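Student: Have a look at the structure that comes next, please.
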Amino acid sequence: MRITGIKATPVAVPYRHEEHWAFGRRLGCVSVLIELTTDDGIVGVGEAAAYPSADIVLAVLDSIKSLVIGEDPFSIERLVRRIELVGTWHHVRATSPAIAAVEMACWDIVGKSCAQPLVNLLGGRFRDRVECFYYVAAGSPDDVASEAELATRTGFGTCYLKVGSDNPHLDIDRVEASRAGAGPEAKLRIDANEAWSPGSAVRMIRELGRFGLELVEQPVSGRNLSEMAYVRNRSEVPLLANEASWTRSDQLAVIRAGAADAVSVDNQLDGGLLNVKRSAGLCEAAGLPVVKHSLGELGIALAAAVHTIAATPNFTYANQAYGALLSDDVTVGFGGGIDSYDEGCLPVPTKPGLGVTLDQDRIERYARLYRTRGSEFAFTDSAATKQSRALPKF
């Protein structure tokens, strides 16, 4: 079997609420859906987060096309190494989601050819369903409390909230509101996206710790591991590395520096699903749990992640997904809004490959939305581009 073509379709799906983080916002999720065709007639699907933009993802796909077409989709290790070495992507630390999408589509082809769900090809089920957190959209404290209450009412056990705003008192008010809305039993995780200096991080974590935090994600720069270790050694709340741990090389450095209590991993930023398995093994050897990170995803990429997590023991925390924010999806019955989740969990698909069915009408609808309004959904916030920002904020 040989790969004969790559088709790429950018789509934009609106959020229920704007997504805000330390230095920007998004109105929706932009993904590039890909289809790998083969000479056997089997089509594999994949998905790339539009990071840093859909145009860049499309350019990467075009640049690696000659390295992919004509290759055997079963030879995934060979194909990815061909892209990394012949294509010189090994010089780029965080690789493009485009490469991960090609690898994902190859796994879909392999699963369909073998009539097996992907989880069975990645080691078999360690768990039957995968827990995700509820992404509480940042807003007024009243809005945050309402969203956190909805999270608990719909069965989610973990709430995730962005902090790192320009006003630290607003962060405190929002975290307090999230705890009030979610109730005393819910787990509460915050993410500062590198917004704090080490001293400020220690002070903020001590202040926010009274609300019973589960994890604090990337409170300081991910580029200075000694800062992370400094904060970790002074914090009673476990630290989760994210911007510091986008690749296996980064994760190894985090482990060596003693900079985190848990490690965020992302197949989109480190070349594919096999590398997530490698990341998890690396962290397991160091006695650390791993958490799936997301740049924003629809049902295709989410299904791929669920298969991988289900086959990997040390994903012991709730993982990042966008069900609480998404208004819709491009698949039938998987991903999308919070109605797809049962007690905050997603089932492992049982059909061959990724096990998802695409909804062509919705793909066309959201492809049209991308063509007409795609810039409104980009990672780059047009309002923020008019400002000169600096990190840490204080």
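The values are calculated or read from the model by the stated rules, or taken from the named source; none is laboratory data. Since the structure is predicted, the reported quantities are computational estimates derived from the model, not experimental observations. Neighbour counts are summed over all protein chains in view; Cβ atoms, including those assigned to glycine, are modelled from backbone coordinates with ideal geometry.
Student: For segment 309-321, state whether one or more residues are out of contact with any Phe, Trp or Tyr (no Cβ under 7 Å at 6 or more places or on another chain), farther than 24 Å from Leu215 by Cα and of a type outside the set (A, V, I, L, M).
Tutor: Among the residues of segment 309-321, not one is out of contact with any Phe, Trp or Tyr (no Cβ under 7 Å at 6 or more places or on another chain), farther than 24 Å from Leu215 by Cα and of a type outside the set (A, V, I, L, M), which makes the answer no.
Student: Also: Exactly one condition in (1) of a type outside the set (Val, Ile, Thr); (2) crowded, with 20+ Cβ neighbours inside 10 Å; (3) closer than 26 Å to Lys351 by Cβ is not met by Glu77; state its number.
Tutor: For Glu77, the failing item is (2).
Student: Of the conditions (1) in a loop (DSSP other than H, G, I, E, B); (2) touching a residue at least 12 places away in the same chain (Cβ under 8 Å), Ala303 satisfies every one except a single condition; which number is it?
Tutor: The number of the failed condition is (1).
Student: With in the same structural domain as Val306 (by TED's automatic domain parsing), over 30 Å from Arg78 (Cβ atoms), free of Cβ contacts under 8 Å to residues at least 60 places away in the same chain and within 23 Å of the chain's Cα centre (by Cα) as the only criterion, which of Ala229, Ala280, Ala260 stands out?
Tutor: Ala260
Student: Please enumerate the residues belonging to segment 260-299 that are touching a Phe, Trp or Tyr at 6+ places or on another chain (Cβ under 9 Å) and in a helix (DSSP H, G or I).
Tutor: If the condition is that a residue be touching a Phe, Trp or Tyr at 6+ places or on another chain (Cβ under 9 Å) and in a helix (DSSP H, G or I), then Leu273, Leu274, Ala280, Gly299 are the ones that fit.
Student: Just give me the residues in segment 33-54 being β-branched (Val, Ile, Thr), part of a strand (DSSP E or B) and touching a Ser or Thr at 6+ places or on another chain (Cβ under 7 Å), in sequence order.
Tutor: Step one: of segment 33-54, the residues β-branched (Val, Ile, Thr) are 34, 37-38, 42-43, 45.
Narrowing the set further to residues that are part of a strand (DSSP E or B) leaves 34, 37-38, 43, 45.
Of everything in segment 33-54, those that are β-branched (Val, Ile, Thr), part of a strand (DSSP E or B) and touching a Ser or Thr at 6+ places or on another chain (Cβ under 7 Å) turn out to be Thr37, Thr38, Val43.
Student: Still on this structure, I have one more. Between Ser235, Ser245, Ser221, which is within 17 Å of the chain's Cα centre (by Cα) and closer than 29 Å to Ser178 by Cα?
Tutor: Among Ser235, Ser245, Ser221, only Ser245 is within 17 Å of the chain's Cα centre (by Cα) and closer than 29 Å to Ser178 by Cα.
Student: Within segment 23-41, track down each residue that is surrounded by 17 or more Cβ atoms within 10 Å (Cβ to Cβ), more than 15 Å from the chain's Cα centre (by Cα) and at pLDDT 95 or above.
Tutor: Hits for segment 23-41 are Leu33, Ile34, Leu36, Thr37, Thr38.
Student: So, one more: Only residues that are under 20 Å from the mean Cα position of the chain (by Cα) and either closer than 18 Å to Leu302 by Cβ or of a type in the set (Asp, Glu) (or both): list them for segment 76-97, please.
Tutor: Result: Pro97, single match.
Student: Which residue is surrounded by the fewest Cβ atoms within 10 Å (Cβ to Cβ), if the candidates are limited to segment 174-194 and must be of a type outside the set (Gly, Ala, Ser) and over 19 Å from Thr152 (Cα atoms)?
Tutor: For segment 174-194, the residue satisfying everything is Asn193.
Student: OK, next. For Glu207, which of the numbered conditions (1) surrounded by 20 or more Cβ atoms within 10 Å (Cβ to Cβ); (2) over 25 Å from Asp339 (Cα atoms) fails to hold?
Tutor: (1)
Student: Got at least one residue in segment 136-157 being farther than 28 Å from Ile34 by Cβ, assigned to a loop (DSSP other than H, G, I, E, B) and of a type in the set (Phe, Trp, Tyr)?
Tutor: Yes, segment 136-157 contains at least one residue that is farther than 28 Å from Ile34 by Cβ, assigned to a loop (DSSP other than H, G, I, E, B) and of a type in the set (Phe, Trp, Tyr).
Student: If you don't mind, there's one more thing I want to ask. Here is a check on your reading of the model: is Asp250 surrounded by 17 or more Cβ atoms within 10 Å (Cβ to Cβ), assigned by TED's automatic domain parsing to the domain that holds Val163, part of a helix (DSSP H, G or I) and under 17 Å from the mean Cα position of the chain (by Cα)?
Tutor: Considered against the rule, which asks whether it is surrounded by 17 or more Cβ atoms within 10 Å (Cβ to Cβ), assigned by TED's automatic domain parsing to the domain that holds Val163, part of a helix (DSSP H, G or I) and under 17 Å from the mean Cα position of the chain (by Cα), Asp250 comes out as yes.
Student: Further, regarding this structure: What is the one condition in (1) part of a helix (DSSP H, G or I); (2) at pLDDT below 95 that Asp166 does not satisfy?
Tutor: Going through the list (1) part of a helix (DSSP H, G or I); (2) at pLDDT below 95, Asp166 breaks only (1).
Student: Pull up segment 308-341, narrow it to residues that are in contact with a Cys (Cβ under 8 Å, 6 or more places away or on another chain) and of a type in the set (S, T, N, Q), then point me to the one that is nearest to Arg16 (Cα to Cα).
Tutor: Looking at residues that are in contact with a Cys (Cβ under 8 Å, 6 or more places away or on another chain) and of a type in the set (S, T, N, Q), I get Gln320.
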